[in-house]
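What follows is a short report on a single structure.
The values are calculated or read from the model by the stated rules, or taken from the named source; none is laboratory data. Bear in mind that the values here come from a model prediction, so they are computed numbers and not experimental data. Cβ placement follows ideal geometry from the backbone for every residue including glycine, while neighbour counts extend to all protein chains displayed. Surface accessibility is based on the protein's heavy atoms, side chains included, excluding ligands, DNA and RNA. Shrake-Rupley method; radii C 1.70, N 1.55, O 1.52, S 1.80 Å.
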Amino acid sequence: MHVTHDPAAAASPTIDFNSFLAVDIRVGTIVDAKPFPEARKPAWRLWIDFGPAIGVRKSSAQITENHPLETLVGQQVAAVVNFPPRQIGPVVSEVLTLGFPDADGKVVLVQPSRPVPNGGRLF
């Protein structure tokens, strides 16, 4: 699913602005987080509130190394909200929670530097 973790990798081919606009990236607040023991790779189950227009959506996120379960509720994160739902084991993931790899390739969540309204779109 991931393209590469190599920070020295070349940039992807150029896209036009409309292609960028087609990807709906929003901010939401994690309202619940639970273990996901059935996942093939260590992951948490997240419920993220994207505000009244989108509501609460579920996600499976492989963020266990850098984000302890007990610290997640209340954090804001960025996610793609317009991908089709994806079955991950017994869980349907409704959004793709976004992150960058750290020096060891472990995911660090993409988060705003200060609180913003849920549902805000990345531009």
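Brief remarks on what is shown
- Hey, PRO52 open to solvent by 70 Å² or more (accessible area, probe 1.4 Å) and either at pLDDT 95 or above or under 17 Å from the mean Cα position of the chain (by Cα) (or both) or not: yes
- Qualifying positions in segment 59-85 - outside any loop (DSSP other than H, G, I, E, B) and either open to solvent by 70 Å² or more (accessible area, probe 1.4 Å) or touching a Leu at 6+ places or on another chain (Cβ under 7 Å) (or both): SER59, ALA61, GLU70, VAL77, ALA78, ALA79, VAL80
- Sub-8 Å Cβ pairs linking a first residue in segment 31-47 that is open to solvent by 80 Å² or more (accessible area, probe 1.4 Å) to a second residue that is part of a strand (DSSP E or B), at least 6 apart or interchain, are LYS34/TRP44; LYS34/ARG45; GLU38/VAL91, ordered by first then second residue.
- Among the residues of segment 89-123, those that are touching a residue at least 12 places away in the same chain (Cβ under 8 Å), among the aliphatic types (A, V, I, L, M) and open to solvent by 50 Å² or more (accessible area, probe 1.4 Å) comprise VAL92, LEU96, VAL108, VAL116, LEU122.
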